[in-house]
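Below is a structure I'd like to ask you about.
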Amino acid sequence: MAALPAAVRIVEVGPRDGLQNEAVALNVERRLALIGRLSDAGLRDIEAGAFVSPRRVPNMAGSGELMQQLDRRPGVSYPCLVPNETGLDAALEAGCTDIAIFAAVSETFSQRNTGCSIHESMDRLARVAVRAHDAGLRVRGYLSCVLGCPYEGAVSDEAVATLSAELIAMGCHEVSLGDTTGVGSPFRVRALIDCVARRVPAERLAGHFHDTWGMAAANVHAATLSGVTVFDASVGGLGGCPFAPGATGNVATEDLVYLFDDAGVYTGVDLRKLVDVANWISAQLERPVASRVARAFNSGRPT
Ligand code: HMG
Ligand code: MG
């Protein structure tokens with residue numbers, strides 16, 4: 001079992017995963033305000049947008065404009081999703097220096113999400129990765145449905161390991177393992193990470209847990225015990241994928257920060273400021289704040 005890490009890195013995905021499936025679409029100005037507030041709270045990796053079809057994901061329209069207007073803070077990275085070379089062209093034009101390419105372990109999800117098979121998608125992404133590296137960009141990889149698919153059910157851990165290794169071979173600096181529908185549970189997470197880590201070291205894996213079944217924070221803990229130290233999270237617990245029906249938000253960033261603060265593990269994030277951001281963004285989206293930690297703070301529960 002891995003020792004407790006001294007620090008973890010949180011990749012804040014709220015401005016992308018968090019907003020992409022919300023009923024209320026935020027304009028570029030408000031998305032920029034969210035990104036600014038998140039960096040004020042101490043987040044240093046903030047997924048800012050997605051260069052995908054605005055017809056398929058209307059909430060991410062204007063990501064080029066957003067990246068051009070963004071006040072980039074030193075030491076903060078702002079990755080954006082890129083599914084193909086059309087998206088890469090747009091990301092380069094907008095001055096992106098970090099991109100995230102994404103594939104899935106399930107054929108049906110791959111078709112629904114990106115309109116192509118897993119094989120075609122990996123081919124597209126390989127071409128994107130070569131061009132992105134030639135242009136000096138940093139490339140992150142994502143794999144969806146690693147603990148189950150909303151259309152096909154169970155997936156194989158070995159398939160996750162093989163595709164993760166392929167993404168690393170494309171030059172991805174890390175692979176984020178996505179429990180897209182939040183079906184995973186801690187013992188399964190450990191088995192999966194232990195299997196994948198035989199092909200890709202745990203230091204190059206990230207955990208991306210949605211919280212549909214309430215297991216996301218426990219899954220983060222389990223992945224930490226298997227040596228993972230990078231976690232994706234969404235302020236206020238926002239999030240969901242338009243092509244994964246029924247799935248809810250990512251693990252809330254404030255739940256993660258509470259979990260790690262309490263264990264003395266450094267995150268660099270100021271919990272109080274982050275809860276303010278969770279309250280602010282939830283008000284913008286006209287919905288009550290979803291995370292347990294933000295609600296506990298708001299009700300004045302003793303810490
Ligand atoms: P497609 O329809 O297969 O592409 O889309 P196409 O090549 O056939 O082109 C059709 C039209 O789309 C053309 O326009 C293209 O120019 C345009 P037309 O000639 O008809 O006017 N097009 C694009 N426009 C903007 N940006 C592009 C782009 N590419 C082509 N990049 C595509 C393929 C992948 C673009 C499409 O299926 C798509 O945008 N899908 C949405 C994918 C998405 O954003 N999903 C949600 C994010 S992934 C996620 O949430 C999971 C994650 O969080 C991890 C987890 O939780 O598991 C990462
Ligand atoms: Mg996601």
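The values are calculated or read from the model by the stated rules, or taken from the named source; none is laboratory data. Computed from a predicted model, the values in this text were never measured in an experiment. Backbone-built Cβ (ideal geometry, glycine too); neighbour counts: all protein chains shown. Note: areas computed on protein heavy atoms with side chains; ligands, DNA, RNA excluded. Shrake-Rupley method; radii C 1.70, N 1.55, O 1.52, S 1.80 Å.
Lone cysteines in the chain, going by a 4.7 Å Cβ-Cβ cut-off?
Cys80, Cys96, Cys116, Cys172, Cys195, Cys241
What does the accessible area per residue of the chain come to in Å², with a 1.4 Å probe and no ligands, DNA or RNA counted? Display every interim value, and only then the final one.
On the way: 12150 Å² over 303 residues.
Normalised by residue count, the accessible surface of the chain is 40 Å².
What value, in deg cm²/dmol to 500, does the helix sum -39500 (n - 2.57) over DSSP H runs of n ≥ 4 give at 222 nm once divided by the residues of the chain? Before the final figure, lay out each step's value.
Numbers: 11 runs with 119 residues, N = 303.
So the helix-based figure for the chain works out to -12000 deg cm²/dmol.
With +1 on each Lys and Arg Cβ and -1 on each Asp and Glu Cβ, how big is the dipole of the chain about its Cα centre, in debye rounded to the nearest 20?
Values: 27 positive and 34 negative charges, 61 e Å.
The calculated dipole for the chain is roughly 300 debye.
Let me ask something else. Determine, for each peptide in 247-259, 117-129, the mean count of other beta carbons within 10 angstrom over its residues, then list the peptides with the highest first. Don't jump to the answer; show the numbers that get you there.
Details: 247-259: 26.4, 117-129: 17.8.
Ranked by mean Cβ neighbours within 10 Å, highest first: 247-259, 117-129.
Can I ask one more? For every other residue with a beta carbon closer than 14 angstrom to the beta carbon of Ala216, add +1 if it is Lys or Arg and -1 if Asp or Glu, then tell me the sum. Working shown, then result.
Numbers: positive: Arg188, Arg292; negative: Asp17, Asp179, Asp211, Asp232, Glu254, Asp255.
Taking every other residue near Ala216 into account, the sum is -4.
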